[in-house]
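A.B. asks: The following block contains the structure, expressed as structure tokens.
The values are calculated or read from the model by the stated rules, or taken from the named source; none is laboratory data. Keep in mind it's a predicted model, so treat the numbers as computed, not measured. With ideal geometry, Cβ positions are generated from the backbone for all residues, glycine too; neighbour counts draw on all protein chains shown.
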């Protein structure tokens, strides 16, 4: 069988013969390439894929033998047939020695030529197959060893050298016993030799040793190679390194043993049930509870019946292949929690893996637990009712206690403010009398100094006009030395400054009296701006070192209120504003009259109040100040005072920017 597009090169200088030969070959299905001399023919080989060359021995440019040599040198697998009209035995031998496939003498029979062409095709096909086989053997993932009939190694492939560590040169000429270990039974080798020498294949496993002393497992198939007459000429071994597989098998076997041991030691029964009601496996617990399983069916073992059970949960698993969980009251007076799993055997047949756990004690405990739980629920409900009653009373007590503390604090604060008011009134009275003397005396002294200065000036004029010049000059010099003019001018300034100081003292005393308003414990008409001004003066020492105070007072009508209590509110707000400022800031006090309401706002540029604390700032005893710096009552008392005036306190704050408290009270006609 020729390959597709088998191409033949004809190199001959006889045009007639070449044409005839080319026509015949084309009829036979071959493609042809024609060259009239050797050089043209050699050039054609680089232009066309040629399978076979027909070369005339006597060419006009170079000899046919030279062309043969060049073809074989460049294309070793190409077959060449020599054609010649002057044949000699020597030329035929020479052509054959140079690699020609055949030698034909002109004129030749066309059938003979076609026969040789077919031989060339078959040879090339055989060589191609041999090359493929050789490549497959060389690249085989299995080790391949070929020995003669005495066991001497004649060939090993690269995989053998890779697995064993022996190079090809080291292995050839040796016996495969170089890999042998004492672990393989000598009977195995004897059986192997009997099998292959009888012309049969042998298959088995070896535990061999590599060149470096490392042990490994091999699976081997050894076959005899025979010649055409059937005589054994060689043996070929195809071997696979199965060390990893062996290790896996050993690990699997160990795992199986561990699993078996685990199943045997489980504190519950485990069995495999088959569709024919037989028990394929039962662990020790099962056997101890229900006896041996061989020759017995499941319904005989579990229920002591002679026929299958109706509505068996286990056999339902065979139908729907889903897990089932159920309880079984065994005939041994024990209760089991049973788990049935669909399972497939290694041969693909369906099984059910059944596991049962003895829950007799657990069920008994559950019944006792349910009973105790019912009792506990009853007790709990009773205690819950008692707790709710106590909780209600406790809330009432807490509310009463909080109100009592707030009232006590308010009373203490009122007493304190009353005491401060009485003290302020007494201090004001005691200060007013001497301040009145001082102020009156300073006024009189101012008048005296004016008269004295007038007299001295008049005296100086008289002396200057009547006394001798030396007397006038002496008195003038004396006046300068005594600095009488400076003393008279400075005395005026000193008296003015002293009068200003006594005026300020009087103003402070008046503000103190206004703030305390001992005489205003009942409703009275007051000017809120006046209250604000007096309160600012009282707390000024808290403010002046930390903040700049800005006043923005609007025109306000008088309102009927408790001025002492409102002063206390304003004081708390101003002090809190000062405390909110860390170093330097601004406090702004505004007053407005809108829609029958007076609005007083105290704003600061302090730290602000976080949103989550704003709902609690008016709670009694709630404070964000350090221990010892606040009682938590200031805003609570202020809130109560404003509510007492039918008003409200509104707070607006932004963390990091400041806070504004606005007191809103209605104007009440007096």
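A.B. asks: Could you look through the stretch 262-281, keep only residues that are in a strand (DSSP E or B) and more than 47 Å from the chain's Cα centre (by Cα), and pick out the one that is surrounded by the fewest Cβ atoms within 10 Å (Cβ to Cβ)? Before the answer, list the steps.
C.D. replies: First, pick out the residues of the stretch 262-281 that are in a strand (DSSP E or B): 269-273, 278-281.
Still in the list and also more than 47 Å from the chain's Cα centre (by Cα): 278-280.
Details: 278: 14, 279: 23, 280: 16.
Looking at the filtered set, the residue picked out is 278.
A.B. asks: Checking residue 17 against (1) at pLDDT 90 or above; (2) farther than 30 Å from residue 131 by Cα: exactly one of these is not met. Which one?
C.D. replies: Answer for residue 17: the failing condition is (1).
A.B. asks: Of the residues in the stretch 102-153, how many are in a strand (DSSP E or B) and without any contact (Cβ under 8 Å) to a residue 24 or more places away in the chain? Spell out how you get there, then give the answer.
C.D. replies: Looking only at the stretch 102-153, we keep the residues that are in a strand (DSSP E or B), and these are 102-105, 143-148, 153.
Still in the list and also without any contact (Cβ under 8 Å) to a residue 24 or more places away in the chain: 102-105, 153.
The total comes to 5.
A.B. asks: Among the numbered criteria (1) touching a strand residue (DSSP E or B) at 6+ places or on another chain (Cβ under 6 Å); (2) at pLDDT 90 or above; (3) loosely packed, with under 11 Cβ neighbours inside 10 Å, which one does residue 173 miss?
C.D. replies: Of the numbered conditions (1) touching a strand residue (DSSP E or B) at 6+ places or on another chain (Cβ under 6 Å); (2) at pLDDT 90 or above; (3) loosely packed, with under 11 Cβ neighbours inside 10 Å, the odd one out for residue 173 is (1).
A.B. asks: Got at least one residue in the stretch 587-597 being in contact (Cβ under 8 Å) with a residue 60 or more places away in the chain, in contact with a strand residue (DSSP E or B) (Cβ under 6 Å, 6 or more places away or on another chain) and either at negative phi or outside the structural domain of residue 642 (by TED's automatic domain parsing) (or both)?
C.D. replies: yes
A.B. asks: What pairs can you find where one residue is in the stretch 538-562 and over 15 Å from residue 586 (Cβ atoms), the other is in a strand (DSSP E or B), and their Cβ atoms are less than 6 Å apart, with a gap of 6+ or different chains?
C.D. replies: Listed pairs, sorted by first residue: 553/591; 554/591; 554/592; 556/591; 556/593; 556/598; 558/525; 560/525.
A.B. asks: Which residues, taken from the stretch 231-249, are in contact (Cβ under 8 Å) with a residue 12 or more places away in the chain and either more than 30 Å from residue 148 (Cα to Cα) or not in a strand (DSSP E or B) (or both)? Quick ask: steps written out before the conclusion?
C.D. replies: Residues of the stretch 231-249 in contact (Cβ under 8 Å) with a residue 12 or more places away in the chain: 232-243, 245-246.
242, 243, 245, 246, listed by residue number.
A.B. asks: Okay, moving on. Could you run through the stretch 12-39 and say how many residues are over 18 Å from residue 82 (Cα atoms) and crowded, with 19+ Cβ neighbours inside 10 Å?
C.D. replies: Residues that pass the stated criteria total 1.
A.B. asks: Please tell me if residue 358 is within 27 Å of residue 265 (Cα to Cα) and in contact with a helix residue (DSSP H, G or I) (Cβ under 7 Å, 6 or more places away or on another chain).
C.D. replies: Working: within 27 Å of residue 265 (Cα to Cα): yes; in contact with a helix residue (DSSP H, G or I) (Cβ under 7 Å, 6 or more places away or on another chain): no.
Spelling it out, it is not the case that residue 358 is within 27 Å of residue 265 (Cα to Cα) and in contact with a helix residue (DSSP H, G or I) (Cβ under 7 Å, 6 or more places away or on another chain).
A.B. asks: Which of (1) touching a strand residue (DSSP E or B) at 6+ places or on another chain (Cβ under 8 Å); (2) touching a residue at least 40 places away in the same chain (Cβ under 8 Å) does residue 82 not meet, given it meets every other one?
C.D. replies: For residue 82, the exception is condition (2).
A.B. asks: A further question on this structure: Among (1) within 30 Å of residue 319 (Cα to Cα); (2) without any contact (Cβ under 8 Å) to a residue 40 or more places away in the chain; (3) surrounded by fewer than 13 Cβ atoms within 10 Å (Cβ to Cβ), where does residue 252 come up short?
C.D. replies: Looking at each condition in turn, residue 252 falls short on (1).
A.B. asks: Restricting the search to the stretch 122-151, which residues are surrounded by 14 or more Cβ atoms within 10 Å (Cβ to Cβ) and at pLDDT 85 or above?
C.D. replies: Correct list: 142, 143, 144, 145, 146, 147, 149.
A.B. asks: Evaluate the following for residue 183: is it out of contact with any helix residue (DSSP H, G or I) (no Cβ under 9 Å at 6 or more places or on another chain), surrounded by 11 or more Cβ atoms within 10 Å (Cβ to Cβ) and farther than 19 Å from residue 150 by Cβ? Steps first, please.
C.D. replies: Working: out of contact with any helix residue (DSSP H, G or I) (no Cβ under 9 Å at 6 or more places or on another chain): yes; surrounded by 11 or more Cβ atoms within 10 Å (Cβ to Cβ): yes; farther than 19 Å from residue 150 by Cβ: yes.
Taking the combined requirement at face value, the residue satisfies it.
A.B. asks: Follow-up. Among the listed residues 9, 42, identify the single one that is crowded, with 18+ Cβ neighbours inside 10 Å and either closer than 18 Å to residue 124 by Cα or at pLDDT below 90 (or both).
C.D. replies: Details: 42 fails: either closer than 18 Å to residue 124 by Cα or at pLDDT below 90 (or both).
Exactly one residue qualifies, and that residue is 9.
A.B. asks: Could you tell me whether the stretch 574-581 includes any residue that is part of a strand (DSSP E or B) and crowded, with 19+ Cβ neighbours inside 10 Å?
C.D. replies: Within the stretch 574-581 (the criterion being part of a strand (DSSP E or B) and crowded, with 19+ Cβ neighbours inside 10 Å), the answer is no, since none of the residues qualifies.
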